Amino acid sequence: MQFQQLQYFVAVAETRHFTRAAELVHVAQPSLSQQIKALERELGADLFLRARGNITLTDAGEALLPLARRILADADTARYEVQELVQLRSGRVRLGATPSLCTGLLPDVLRAFHDRYPGIQLLIEESGSHDLVRELARGALDLALIVLPLPPASPALTTVELLWEDLVVVSSPEATAPGRGRGGVSISDLEGERLVMFRHGYDLRELTVAACRSAGFEPGFAVEGGEMDAVLGFVRAGLGVAVVPRMVAARSGRGLRVTPLARPGLHRTIALAHRSDVAPPRAARELQRMLLER
């Protein structure tokens with residue numbers, strides 16, 4: 001099995017078209033087809049079902065695809081690791097983070113990292129923790145800031161707790177204050193409120209909905225499906241209230257009323273994670289150090 005054959009296989013699997021795959025990897029289509037057939041002969045199984053205008057993966061192809069992607073990603077990481085200069089004058093870091101952390105925690109740390117290592121390229125993947133765990137597992141990220149606990153059946157990851165963060169309620173200053181005007185608002189007070197809710201896959205959505213159900217009610221949504229910036233904008237417009245991290249509220253509080261949650265409140269634990277079987281590249285390790293020492 002050759003590395004190049006895996007590249008060709010993944011290109012066909014992602015484009016579902018031999019000609020487009022050949023263009024993607026800059027090789028003649030007959031050469032690509034020959035290499036795919038050679039790979040199939042070596043594996044002793046067809047990887048694609050070939051019908052005119054319809055290329056689909058066989059069961060063997062479905063089994064090989066995540067492994068091939070991981071092999072290619074690991075090789076790519078190795079290439080960058082070797083190419084890094086001793087003084088960290090070049091290289092890249094692929095960092096995943098939840099949208100709230102991109103808004104609250106990362107800007108200052110990334111600015112400090114960029115000032116110290118201007119030649120290091122920063123690639124940021126913004127997504128929910130479940131998606132970031134999958135991206136780490138397949139080798140598409142070097143590090144990720146995720147919310148603990150890890151989802152069930154997670155791959156082998158090394159995690160280091162980074163911070164413990166309070167959640168608060170944000171609302172429009174022009175609307176009636178949540179919690180009947182008291183200094184704090186309890187989860188049960190949200191029963192009569194219309195919530196502006198994040199899209200499915202957001203850790204904040206799952207945490208808020210679970211807290212409401214534990215308090216004995218099903219939350220009502222004024223609008224749902226937004227990312228962090230959209231949710232804050234909808235709250236400013238008076239559509240409803242939202243539960244967000246205190247750090248986000250502090251940075252984005254203009255035009256928002258921020259009300260703390262009464263004890264015991266809601267909290268979340270943020271951790272820095274990477275694959276246990278692969279050490280992060282040197283530049284990623286330096287960013288990891290800066291995050292832990294922030």
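The values are calculated or read from the model by the stated rules, or taken from the named source; none is laboratory data. Quantities reported herein were computed from a predicted structural model and do not represent experimental measurements. Note that we place each Cβ from the backbone using ideal geometry, even for glycine, and neighbour counts take in every protein chain shown. Please note that ligands, DNA and RNA were not included when accessible areas were found on the heavy atoms of the full protein model with its side chains. Shrake-Rupley method; radii C 1.70, N 1.55, O 1.52, S 1.80 Å.
Separation of the stretch 249-287 and the stretch 95-152 by C-alpha centroid, Å? The two parts, judged by their Cα centres, are 10 Å apart. Each residue, K37 and A137, gets one label point 7 Å from its Cα in the Cβ direction; the gap between the two is 3.6 nm.
Solvent exposure of the chain amounts to 50 Å² per residue of accessible area, where only protein heavy atoms count and the probe is 1.4 Å. Residue separation of H200 and I124 scaled by 0.36 nm, minus their Cα-Cα distance, works out to 25.3 nm of gained length. Where is the GNM fluctuation largest for the chain (alpha-carbon springs, 10 angstrom cutoff): V27, V241, V147? Result for the chain, Cα springs under 10 Å: V27 fluctuates most. Accessible surface of the stretch 100-169, 1.4 Å probe: 51 percent of it comes from carbon and sulfur atoms.
If only the Cβ of Lys and Arg carry +1 and only the Cβ of Asp and Glu carry -1, the dipole of the chain around its Cα centre is close to 380 debye.
Rounded to the nearest 500, the 222 nm mean residue ellipticity of the chain from helices alone is -13000 deg cm²/dmol, with -39,500 (n - 2.57) taken per DSSP H run of at least 4 residues.
For the stretch 41-75, state which trypsin sites (Lys or Arg not before Pro) are in a DSSP loop and have at most 13 other beta carbons lying within 10 Å of their beta carbon. Sites meeting the loop and neighbour criteria: R52. Under the shape rule built on the C-alpha gyration tensor, where the axes satisfy a ≥ b ≥ c, the chain is prolate, since a/c reaches at least 1.5 and a/b is greater than b/c. Between H17 and A210, the FRET efficiency estimated from the beta carbon spacing at R0 = 30 angstrom works out to 0.10.
Placing R0 at 41 angstrom, the Cβ-Cβ distance between F3 and R116 gives a FRET efficiency of 0.75 after rounding to 0.05. What residue among H26, H130, H114 has the largest mean-square fluctuation in a Gaussian network model of the chain, using Cα springs under 10 Å? Taking springs between Cα atoms under 10 Å, the residue moving most is H26. Mean-square fluctuations from a GNM of the chain, with a 10 angstrom spring cutoff on Cα atoms, peak among D229, D166, D115 at D115. Label-to-label distance, E227 versus A75, with points set 7 angstrom from Cα along the beta-carbon direction: 3.2 nm.
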